[in-house]
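Trainee: Below are the structure tokens for one structure; questions will follow.
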Amino acid sequence: MTNKVVHVIDAESGNLQSLRNAIEHLGFQVSFIKKGTDPALASAERLILPGVGNFGHVMDQLRKMGFVEPIKAYVASGKPFMGICVGVQALFSGSEESPDTKGLNFLDLQLKKFDDKTKTVPEIGWNKLTVPELNKSGKTMYNLNPAARYYFVHSYAAIVDEAQISDLEKLQGWKLALAQYGEEKFLAAIAKDNIFATQFHPEKSGKAGLKVIRAFLEQEKEVSLDVLPSYLPPGDSGVELKDTKTGLTHRIIACLDVRTNDEGDLVVTKGDQYNVREKKASGGDVRNLGKPVKLAEKYYKQGADEVTFLNITSFRNSPIKDQPMLEVLRQAAKTCFVPLTVGGGIRTVVDPDGTVISALEVATLYFRAGADKVSIGSDAVKAAEEYIARGEKPTGKTPIEMISEAYGNQAVVISVDPKRYYVADPAGCKYNMIKTKDKGPNGEEYCYYRVTSQGGRKVHELGAYELCQACEKLGAGEVLLNCIDRDGTNQGYDFELINQIKSAVSIPVIASSGAGKPQDFVDVFNETGADAALGAGMFHRGDYTVLDVKKYMIGHGLNVRMDE
Ligand code: 1PR
């Protein structure tokens, strides 16, 4: 094909910027289609239907914008069509997520929710595929690589049994790439004639994902996998690489705390227990560890599975002044093809001219700039306190609720800044307690973690356990679990805190604060149920790279994603 234009349906759902960046990175141009009547749809040579979030919301948008019949007509024309994430889900007949909403019905199958009794839901992370061998030729479809890992983020899936697989393959002629999350097998990618669709996000799956998009754009439906990269530990190391219970790799996240320094430049900084100034009697300068966009790209290339940006002084600024963070996201999303999270200032704000901008609108600005998830700190505490005070009645009006309603739970992370608080006598304490191995200064045997907000400066009468439970009920999809006592100390993660929060919620928990060496990552995954581990200072100082950590983990039998 000589035409290099790719048409992408913009049904106002999710992070289209990242898809655009990936396509442009591959040397193609993107043209968005915003309504079904746009004549460009019928004349497109390649059409992509992306989507994130709620099945019903995406289908309703497609109907409202007049896309349903034009998409069907386009697919019937035999020209290349690709669906991504909810874009593949839309091809099914319906979903348990929105029982009253009909899908496009290319496959007569209902999507179901993953079982959250045995594992964290949503599935967020890097999974592998079982890929069909094409025509016994050793070729794979659309360059899907069984040795690679792809990024999934979803709670609902086409969960299938052997009879359904056989029916789809043998009777209906679909080619299926399967993935397994815990015990549940689901369709990770499907292909038939001109249709190709993936439940995972190829635009967020590093180099392996870019290859899949390229294969679609170039219409390489059958690709020889001549060299399968080997990610296993050296044969003579005697180490057996164990899969996790869910099948996902252990995620490693690089975190950038960003703020303006005293000269007004946006820099990556790093504190000790949240103090980001150099230690000097009179209060030193803000530590400057580099530029956010450059560091993000560096960590992506080192193999970070995600990059998180925290705008740590946002509570002092309006989003207008925060515009540089939007630009940081825009630039970082052009070079980092893994998920990006942004936090700091995700709440309703009033512009200098008095205009009220809702938290949903603020989040939308970040999603449009290239963020995949937003992280809410101070406002999550406020929302949880009010929710508990109301007797656990939701209002639908908190940022967590509004953003998760529009973009899905997986797009909403809560960033928790807890501080250990010792208790001599647990009787009568209303918060969930831990009998701790690290006794308090007066020999106290119990502790809980008090929640703070505004960068640790405001301490609340609320436990981290209770906060996380309330936020999960409000619609948060993941917990970024910091720990003020450990932040910047290089003493390793606080296992007691992580295990306590894991027992509180069924959404994924990211362990944060305290990582100083690769062994700390091995320990946190062996000693806790953490779904991901985040590091900051040790990477910024250059003590270790993300790749050092991953190689070390592989050497200790822990499965991680290695990009090529
Ligand atoms: O309250 O919604 O505006 O969000 C503010 C965000 O900024 C929150 O996520 C909060 O955690 C963060 N934040 C605010 N002040 C600070 C600070 O350091 N003074 N940073 C801060 C939090 C904690 C981690 C850090 C890990 C790992 N940083 O993200 O990166 O502790 O560090 P380490 O590996 O070096 O130990 P809102």
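Since every read-out is calculated from the coordinates, none of them should be taken as a lab result. Quick caveat, the model's predicted, so the values are computed rather than measured. Positions of Cβ are backbone-derived with ideal geometry, glycine not excepted, and every protein chain shown enters the neighbour counts.
Trainee: PRE reach from Ala40 (point 7 Å along Cα→Cβ): which of region 338-382 fall under 20 Å by backbone N?
Mentor: Hits in region 338-382 for Ala40 at 20 Å: 368-370.
Trainee: Trypsin sites (Lys or Arg not before Pro), restricted to region 67-128: which are DSSP loop and have at most 12 other Cβ atoms within 10 Å? Walk me through the numbers before you get to the answer.
Mentor: Numbers: sites: Lys72, Lys102, Lys112, Lys113, Lys117, Lys119, Lys128; in loops: Lys117, Lys119, Lys128.
Loop-located and lightly packed - Lys117.
Trainee: Say each of Thr335 and Asp265 gets a label point 7 Å from the Cα, pointing the same way as Cα to Cβ; how far apart are those two points in nm?
Mentor: With each label point 7 Å from Cα toward Cβ, the separation is 1.6 nm.
Trainee: For the chain, calculate the relative contact order in percent as a whole number, restricting contacts to Cα pairs under 8 Å that are 6 or more residues apart.
Mentor: 13 percent.
Trainee: If you don't mind, another one. Rounded to the nearest 20 Debye, what is the dipole magnitude of the chain about its Cα centre when Lys and Arg each give +1 and Asp and Glu each give -1 at the C-beta?
Mentor: I would put it at about 720 debye.
Trainee: Report, in listed order, any pair from Lys113/Lys373; Lys430/Lys473; Lys4/Lys334; Lys64/Lys128 with a Cα-Cα distance greater than 27 Å.
Mentor: Those over the limit are Lys64/Lys128.
Trainee: Glu183 to Lys435: FRET efficiency via 1/(1 + (r/R0)^6), r the Cβ-Cβ distance, R0 45 Å, to the nearest 0.05?
Mentor: Efficiency computed from Cβ-Cβ geometry: 0.85.
Trainee: Would you mind giving the three semi-axes, in whole Å and largest first, of the ellipsoid equivalent to region 415-557 according to its Cα gyration tensor?
Mentor: Sorted largest first and rounded, they come to 26, 17, 14 Å.
Trainee: Any chance you could list the semi-axes, whole Å, largest first, of the equivalent ellipsoid that the Cα gyration tensor gives for region 75-166, using √(5λ)? Intermediate values should be presented prior to the final figure.
Mentor: Numbers: eigenvalues 108, 80, 35 Å².
Working from the Cα gyration tensor, I get semi-axes of 23, 20, 13 Å.
Trainee: Follow-up. Considering every Cα-Cα pair within the chain, what fraction, in whole percent, is farther apart than 33 Å?
Mentor: Within the chain, distances greater than 33 Å cover 41 percent of Cα pairs.
Trainee: May I pose another question? Using a cut-off of 14 Å between beta-carbons, work out the net charge of the residues near Ala42 (Lys and Arg +1, Asp and Glu -1, Ala42 not included). Numbers along the way, then the final one.
Mentor: Values: positive: Lys35, Arg46, Lys72, Lys79; negative: Asp38, Glu45, Glu69.
Once positives and negatives cancel, what remains is +1.
Trainee: Quick one: pull the percentage of alpha-carbon pairs in region 322-365 with a separation above 11 Å.
Mentor: So the portion of pairs separated by more than 11 Å is 71 percent.
Trainee: Let me ask another. How big, on average over all directions, is the shadow cast by the Cα convex hull of region 335-457, in nm²?
Mentor: If you wrap the Cα atoms of region 335-457 in a convex hull and average its projections, you get 11.0 nm².
Trainee: Now a separate question. Give me the one-decimal nm value for the distance between modelled label points at Val350 and Asp272, 7 Å along each residue's Cα-to-Cβ direction.
Mentor: Modelled inter-label distance: 4.0 nm.
Trainee: Let me ask something else. Can you give me the Kirkwood hydrodynamic radius for region 129-188, using every pair of distinct Cα atoms, in Å to one decimal?
Mentor: 12.5
Trainee: Quick one: check the C-alpha center-to-center distance for region 1-21 versus region 351-415, whole angstrom.
Mentor: Here the two parts' Cα centres lie 27 Å apart.
Trainee: Hey, another quick one. In square nanometres and to one decimal, what's the mean projected area of the convex hull around the Cα atoms of region 132-228?
Mentor: Reported value for the Cα convex hull: 6.4 nm².
Trainee: Only Lys, Arg, Asp and Glu count, each charged at its Cβ (+1, +1, -1, -1), so figure out the dipole size of region 346-395 about its Cα centre, rounded to 20 debye.
Mentor: Dipole about the Cα centre, nearest 20: 140 debye.
Trainee: Give, in nm to one decimal, the length gained when the segment between Glu162 and Ser224 is fully stretched (0.36 nm per residue of separation minus the Cα-Cα distance). Write out the running numbers ahead of the final one.
Mentor: Values: separation 62, 0.36 × 62 = 22.32 nm, distance 2.71 nm.
Net length gain for the segment: 19.6 nm.
Trainee: Kindly flag which residue pairs out of Lys298/Lys439; Lys245/Lys517; Lys35/Lys185; Lys72/Lys397 have an alpha-carbon separation exceeding 28 Å in this structure.
Mentor: Over 28 Å Cα-Cα: Lys298/Lys439; Lys35/Lys185; Lys72/Lys397.
Trainee: Something else: Work out the P(r) tail for region 52-100: percent of alpha carbon pairs separated by more than 11 Å, whole number.
Mentor: 70
Trainee: If Rh is defined by the Kirkwood formula over all Cα pairs and Rg also comes from Cα, what ratio Rg/Rh do you get for region 327-395?
Mentor: With Rh from the inverse mean 1/r over Cα pairs, Rg/Rh is 1.08.
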